[in-house]
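Nothing in this text is a laboratory measurement; each read-out follows from the coordinates by a stated rule. In this text, all values refer to a predicted model and were calculated from it rather than measured experimentally. Counting neighbours? That spans all protein chains shown, and the Cβs are built from the backbone with ideal geometry, glycine included.
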Amino acid sequence: MITSLRLILIPLILFILTPFSLSAQQSTDETPILAKADYKKPPTSRPKYPFRKQQKEEIPDYYRHHNKLSSNYEGYVIELTTSRLPLKRNHSLFDQFGSIFYDKLKNGGYSYCILANFSSKKSVEHFLETIVLPKATEAKLVEYKNGKRKYL
């Protein structure tokens, strides 16, 4: 009884399923029968892996780097600009001038300056007017005595 039932059911099942499989194979349409949906995740503000340490952005070597001004510096400096936050190393100011130093101000901002190792105040002022001011319009002359600033 079971063998005769198998002989009837197997061809019947194959007969029923054959038209569907043939129609799927002979389809000339470019779209697949079961199309894959384009699913995009919504952007999140959280990092994908919060337990991993975030890597800092690599700054290429051809950018100039600035150094901290000594706390007991004495002499003249030309202050190129000031800012509330530290400037990024690829700021345009660093492209125009080399050997830039920064000083943390009392109000919490930052001062970016170049050292002026000249013999007289007059020669520093001349350098400021002819060389620096055309490139940095905010530039000022500052004198340091025992690490204390004095605008001139």
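Points worth noting:
- For segment 102-152, the C-alpha radius of gyration sits at 1.19 times the compact-globule guess of 2.2 N^0.38 Å, with N the residue count.
- Under 5 Å, built H, 5+ apart or other chain: amide partners of residue 81: 112
- Within segment 67-151: Cβ-based charge dipole about Cα centre, in debye rounded to nearest 20 (Lys, Arg +1; Asp, Glu -1): 340
- Applying a threshold of 23 Å to the alpha-carbon distances of 122/148; 121/150; 122/150; 88/122 flags 88/122 as lying beyond it.
- Size check on segment 67-151: the Cα extents along the three principal axes, sorted descending, read 32, 30, 18 Å.
- For segment 67-151, with +1 on Lys and Arg beta carbons and -1 on Asp and Glu, the positive-most of 109, 67, 81 along the dipole: 109
- When only Cα pairs below 8 angstrom with a gap of at least 6 residues are kept, segment 67-151 shows a relative contact order of 44 percent.
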